[in-house]
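Below: one structure in structure tokens.
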Amino acid sequence: LGIFDDNPAFLDLGCAALQTISLCFPFAAVCIALGASFQALGNGIYSTIVSLFRQLIVLLPAAYLLSLTGTVGNVWWAYPIAEFVSLTATILLFRRRKSNHLVNNKKEGPRPSLFTCWQSINRGLSHCLQIPLCKQSDKC
């Protein structure tokens, strides 16, 4: 913080803010990791919902309400509050995704193995390229 301003009042305020905000780093790490997994699993809307909870739906109203106390230091508590609510929403959405995935797998049956997928890719490539990638005796 001394890079920006070496005023002692600024440093005291900045240190208190960083100490309060740093409490939410573990929550944010879990939310970011699960948000990335939502995107990877094809549920980008869940990732968007989590980000909106964190940055807009909870953070701004909490910061406004905490600003009504008249103490600047209280406003920084909006970040841990927003991260905790975001973490709760992330876990609920992850459980929902997991339970939907389990239900869908029971309806569809077992997923094909990696070897079966490779056989399909192999057949598709050999057909598209019109080059046999394996011998007929290999039964690929």
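Do we have any residue at all in the stretch 11-20 that's in a loop (DSSP other than H, G, I, E, B) and among the acidic types (Asp, Glu)? Step through it out loud before you land on a result.
Filtering the stretch 11-20 for residues in a loop (DSSP other than H, G, I, E, B) gives none.
Checked against the condition, which is being in a loop (DSSP other than H, G, I, E, B) and among the acidic types (Asp, Glu), the stretch 11-20 yields no hits at all.
Could you check the stretch 3-33 and list, in sequence order, the residues that are in contact (Cβ under 8 Å) with a residue 60 or more places away in the chain and open to solvent by 40 Å² or more (accessible area, probe 1.4 Å)?
Taking the stretch 3-33 as the starting set, the residues that turn out to be in contact (Cβ under 8 Å) with a residue 60 or more places away in the chain are 13, 16, 20, 24, 27, 30.
LEU13, ALA16, PHE27, VAL30 - these are the residues of the stretch 3-33 that are in contact (Cβ under 8 Å) with a residue 60 or more places away in the chain and open to solvent by 40 Å² or more (accessible area, probe 1.4 Å).
Can you pull out every residue in the stretch 64-84 that is free of Cβ contacts under 8 Å to residues at least 60 places away in the same chain and under 20 Å from ASP12 (Cα atoms)? Full working, then the answer.
From the stretch 64-84, those free of Cβ contacts under 8 Å to residues at least 60 places away in the same chain are 64-72, 74-75, 77-79, 81-83; that's our starting set.
Result: LEU66, SER67, THR69, GLY70, THR71, VAL72, ASN74, VAL75, TRP77, ALA78, TYR79.
Additional query: So which residues in the stretch 55-75 are farther than 23 Å from GLY35 by Cβ and part of a loop (DSSP other than H, G, I, E, B), if there are any at all?
Step one: of the stretch 55-75, the residues farther than 23 Å from GLY35 by Cβ are 64-75.
Within the stretch 55-75, LEU68, THR69, GLY70, THR71 qualify.
Working only within the stretch 49-63, note down all residues that are open to solvent by less than 70 Å² (accessible area, probe 1.4 Å) and either without any contact (Cβ under 8 Å) to a residue 12 or more places away in the chain or under 14 Å from THR90 (Cα atoms) (or both).
Matches in the stretch 49-63: ILE49, VAL50, SER51, PHE53, ARG54, VAL58, PRO61.
Moving on to the next point. Tally time: how many residues in the stretch 34-48 are farther than 12 Å from LEU93 by Cα and surrounded by 12 or more Cβ atoms within 10 Å (Cβ to Cβ)? Steps first, answer last, please.
In the first step, residues of the stretch 34-48 are kept if they are farther than 12 Å from LEU93 by Cα; the result is 36, 39-42.
Remaining after also requiring surrounded by 12 or more Cβ atoms within 10 Å (Cβ to Cβ): 39, 41.
Going through the stretch 34-48 one residue at a time, the tally reaches 2.
The values are calculated or read from the model by the stated rules, or taken from the named source; none is laboratory data. Only a predicted model underlies this, so the values are computations on that prediction, with no experimental measurement involved. No Cβ is skipped: glycine too gets one built from the backbone with ideal geometry, and neighbour counts run over all protein chains shown. Heads up: the accessible areas ignore ligands, DNA and RNA and are worked out on the full protein's heavy atoms, side chains in. Shrake-Rupley method; radii C 1.70, N 1.55, O 1.52, S 1.80 Å.
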